[in-house]
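Below is one structure, written out as structure tokens, with a few remarks after it.
The values are calculated or read from the model by the stated rules, or taken from the named source; none is laboratory data. A quick note: this is a predicted structure, and the numbers were derived from the prediction, not measured. Don't worry about glycine lacking a Cβ; one is built from the backbone with ideal geometry, like all the others, and counts go over all protein chains shown.
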């Protein structure tokens with residue numbers, strides 16, 4: 001039968017295109033949105049909402065005769081195709097901060113909405129059409145094929161499309177795939193042209209299947225929790241584990257892959273993962289509240305492993321709760337609604353309600369509660385325990401788990417990793433023994449979470465020393481015994497100030513006097529004169545303000561109102577102490593600088609422009625493209641200095657800096673301040689200084705002969721642009737994998 005491979009090809013093509021276009025549009029939007037994890041979560045929420053709309057449409061037309069379904073769907077595909085090739089919608093940025101959570105989804109809807117809506121209906125419609133043949137059998141296996149296509153599309157973008165084609169060509173390639181998809185849909189409709197015309201006879205079903213609200217609620221929960229967990233894992237990884245943009249795609253890929261094994265009744269791997277899911281959730285989920293000193297690849301690996309195992313187990317239960325093929329579109333409609341609910345909770349509700357990624361442990365606990373509650377080993381039966389004896393055993397195991405969790409908390413504080421691991425295994429064993437006894441395992445998991453870092457995370461929230469905005473999660477840490485106060489974003493130190501009055505103006509962390517930026521700003525009066533103008537992209541705690549000297553005019557560009565509030569309320573006093581009259585521009589630096597340069601004359605351009613806008617370790621890619629550097633160059637004086645902070649644990653930006661300097665006719669040197677020991681709050685740093693004026697650079701180098709400056713390595717073969725950029729060639733894999741120094 002030719003129908004089977006045709007329907008597989010149609011489903012695969014549609015899903016491949018859906019998940020190829022997601023990172024494509026996100027990449028297009030980078031110049032306007034930056035690279036915060038919340039942007040990806042907002043995009044995912046839009047995709048889930050559009051998927052729900054597509055599934056609603058599929059469910060609505062599934063009541064019609066198949067020929068009419070085919071005509072309607074082909075017309076919808078053709079009309080949506082009129083919006084191709086894909087181009088970013090012309091939508092003005094929000095007038096004031098705080099509306100990003102609404103503006104970002106609207107931008108994605110206007111850009112990709114029509115075609116995404118049309119293609120998203122593919123999976124349920126093609127399964128419905130496939131089952132129209134009485135001999136076709138159960139169509140649900142096609143959903144596994146659909147998610148295999150989705151997974152392939154997701155991987156194809158960063159590995160093949162992005163590194164090899166500019167955005168314009170990527171859009172045309174996707175458009176060609178869309179035309180091919182229309183042809184496949186037309187062929188599938190032709191293949192089923194002789195199907196029965198009435199809805200009651202389209203799919204044979206011996207008896208009507210009643211579906212009550214309890215079953216629908218279960219479908220919603222089983223789809224909402226993995227969807228929300230996928231997004232919370234993304235936030236948790238990039239906030240507190242390993243803040244690396246490449247990791248954003250991994251949770252979504254594993255989430256999609258879980259359907260492949262779950263929606264296949266004969267999958268041995270799916271069965272095995274479902275059986276071991278409680279053990280994995282206990283061990284890996286026990287670390288879901290870790291928020292301090294968490295930059296560990298092992299914790300990151302455990303987090304994504306748990307997502308995959310738990311999503312597979314829950315989706316497998318969802319598969320076994322599926323209705324007969326007659327109710328197929330209703331099933332997928334409810335399932336997509338659950339996915340959208342989970343996404344809305346994580347992307348919209350949680351950032352407004354929580355000060356940390358509390359949605360992550362909540363969803364882990366919810367997932368554990370939804371797992372089938374059956375024992376791995378019937379040990380109570382083998383021991384011949386009676387009803388009262390079983391209750392005593394359950395109580396004893398719960399008390400033991402709680403007691404060990406308290407000890408784990410002490411060992412975490414003492415940084416005794418061996419005892420912590422031993423304690424976690426012991427608590428997990430208690431949880432495994434409690435499987436099948438009224439969800440007692442969920443209580444054990446909660447105790448383990450609190451013991452393994454949860455007490456500290458909860459205490460920080462109760463103290464009120466943590467804030468969450470659209471752009472990140474920030475923690476103020478006071479160390480009175482050391483006379484210090486710091487700002488931490490995820491695992492990255494963003495600034496530190498001494499609290500003693502005689503030391504609080506001293507530059508610290510990456511901005512010390514021996515850093516590249518410290519040396520350059522200190523010598524700026526000799527290079528540019530006493531009335532130099534300085535622009536700083538990225539306020540942080542305002543440390544650089546204390547390099548301001550009399551007669552200079554300073555401007556700061558900051559995207560996050562929360563970060564600015566730390567200086568305005570004098571949580572950190574660098575700005576108020578050293579540059580109280582500095583001008584603050586609130587908004588994305590690239591957009592603000594582009595607007596600002598229009599009001600500049602040749603005589604009042606910046607003599608020094610500092611680019612220091614990393615969000616945790618995530619690279620704001622739109623700030624290091626050729627177009628961005630063109631804006632910087634036009635805001636700089638002819639002999640001005642461009643100072644770029646490129647300290648990063650995972651990405652080596654020096655070849656790209658060399659290429660960008662060469663493209664913009666600038667000479668560049670590198671100041672690597674990496675050698676320990678570091679005292680007085682100084683951190684390792686890597687700064688690049690660029691200028692078109694050799695004399696100015698010579699003054700800088702000769703003023704501090706005690707500092708070592710280096711040439712940049714050979715430039716990258718291709719400069720990043722808004723249309724073409726890939727971080728893959730610049731990843732320092734030895735650090736990502738934990739084998740670097």
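Worth pointing out:
- Top-ranked residue in segment 592-624 [being modelled with pLDDT of 90 or more and under 25 Å from the mean Cα position of the chain (by Cα); ranked as nearest to residue 472 (Cα to Cα)]: 612
- Residue 48 touching a helix residue (DSSP H, G or I) at 6+ places or on another chain (Cβ under 8 Å) and at pLDDT below 80: no
- Segment 151-188: number of residues that are outside any helix (DSSP H, G or I) and within 18 Å of residue 121 (Cα to Cα): 0
- Residue match in segment 367-387 (condition: modelled with pLDDT of 90 or more, assigned by TED's automatic domain parsing to the domain that holds residue 302 and not in a helix (DSSP H, G or I)): yes
- Restricting 447, 459, 428, 440 to residues that are touching a residue at least 60 places away in the same chain (Cβ under 8 Å) and more than 25 Å from the chain's Cα centre (by Cα) narrows the list to 428.
- Only listed residue being touching a strand residue (DSSP E or B) at 6+ places or on another chain (Cβ under 7 Å), farther than 30 Å from residue 347 by Cβ and surrounded by 23 or more Cβ atoms within 10 Å (Cβ to Cβ), chosen from 517, 537: 517
The rows are residues; the columns are (1) in the same structural domain as residue 524 (by TED's automatic domain parsing); (2) out of contact with any strand residue (DSSP E or B) (no Cβ under 8 Å at 6 or more places or on another chain); (3) free of Cβ contacts under 8 Å to residues at least 12 places away in the same chain; (4) on the phi > 0 side of the Ramachandran plot.
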{"site": "651", "(1), (2), (3), (4)": "yes, no, no, no"}
{"site": "663", "(1), (2), (3), (4)": "yes, yes, no, no"}
{"site": "672", "(1), (2), (3), (4)": "yes, no, no, no"}
{"site": "706", "(1), (2), (3), (4)": "yes, yes, yes, no"}
{"site": "712", "(1), (2), (3), (4)": "yes, no, no, no"}
{"site": "725", "(1), (2), (3), (4)": "yes, yes, no, no"}
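- Test: residue in segment 383-395 that is closer than 18 Å to residue 288 by Cα, surrounded by 14 or more Cβ atoms within 10 Å (Cβ to Cβ) and out of contact with any strand residue (DSSP E or B) (no Cβ under 8 Å at 6 or more places or on another chain): no
- Picking from residues in segment 308-330 that are at pLDDT below 90 and part of a helix (DSSP H, G or I), the one that is nearest to residue 139 (Cα to Cα) is 325.
- Looking only at segment 260-297, residues that are loosely packed, with under 14 Cβ neighbours inside 10 Å and modelled with pLDDT under 80 come to 1 in all.
- Positions within segment 98-140 being modelled with pLDDT under 80 and assigned to a helix (DSSP H, G or I), in sequence order: 100, 101, 102, 103, 104
- Residues of segment 651-663 that are over 16 Å from residue 611 (Cα atoms) and modelled with pLDDT of 85 or more: 652, 655, 659, 662, 663.
- The one condition in (1) modelled with pLDDT of 85 or more; (2) touching a helix residue (DSSP H, G or I) at 6+ places or on another chain (Cβ under 7 Å); (3) part of a helix (DSSP H, G or I); (4) over 22 Å from residue 142 (Cβ atoms) that residue 300 fails to fulfil: (1)
- Scanning segment 331-366 for residues that are outside any helix (DSSP H, G or I) and under 22 Å from residue 308 (Cα atoms) yields 357, 358.
- Any hit, segment 667-679, residues being over 19 Å from residue 512 (Cα atoms) and modelled with pLDDT of 90 or more: yes
- Residues satisfying the stated conditions in segment 472-492, i.e. surrounded by 22 or more Cβ atoms within 10 Å (Cβ to Cβ) and not in a strand (DSSP E or B): 490
- Pairing each residue of segment 78-90 that is in the same structural domain as residue 177 (by TED's automatic domain parsing) and without any contact (Cβ under 8 Å) to a residue 60 or more places away in the chain with any residue that is surrounded by 16 or more Cβ atoms within 10 Å (Cβ to Cβ) and not in a loop (DSSP other than H, G, I, E, B), provided the two are 6+ apart or on different chains, yields C-beta distances under 6 Å for 80/114; 80/115; 80/118; 83/114; 89/107; 89/111.
- Condition check for residue 399: farther than 20 Å from residue 289 by Cα, assigned to a helix (DSSP H, G or I), more than 32 Å from the chain's Cα centre (by Cα) and modelled with pLDDT of 90 or more: yes
- Checked against (1) under 24 Å from residue 335 (Cα atoms); (2) at pLDDT below 85; (3) not in a helix (DSSP H, G or I), residue 1 passes all but a single condition, namely (1).
- Of the residues making up segment 471-489, not one is in contact with a helix residue (DSSP H, G or I) (Cβ under 6 Å, 6 or more places away or on another chain) and closer than 30 Å to residue 669 by Cα.
- Residue check for residue 122: crowded, with 20+ Cβ neighbours inside 10 Å and closer than 17 Å to residue 29 by Cβ: no
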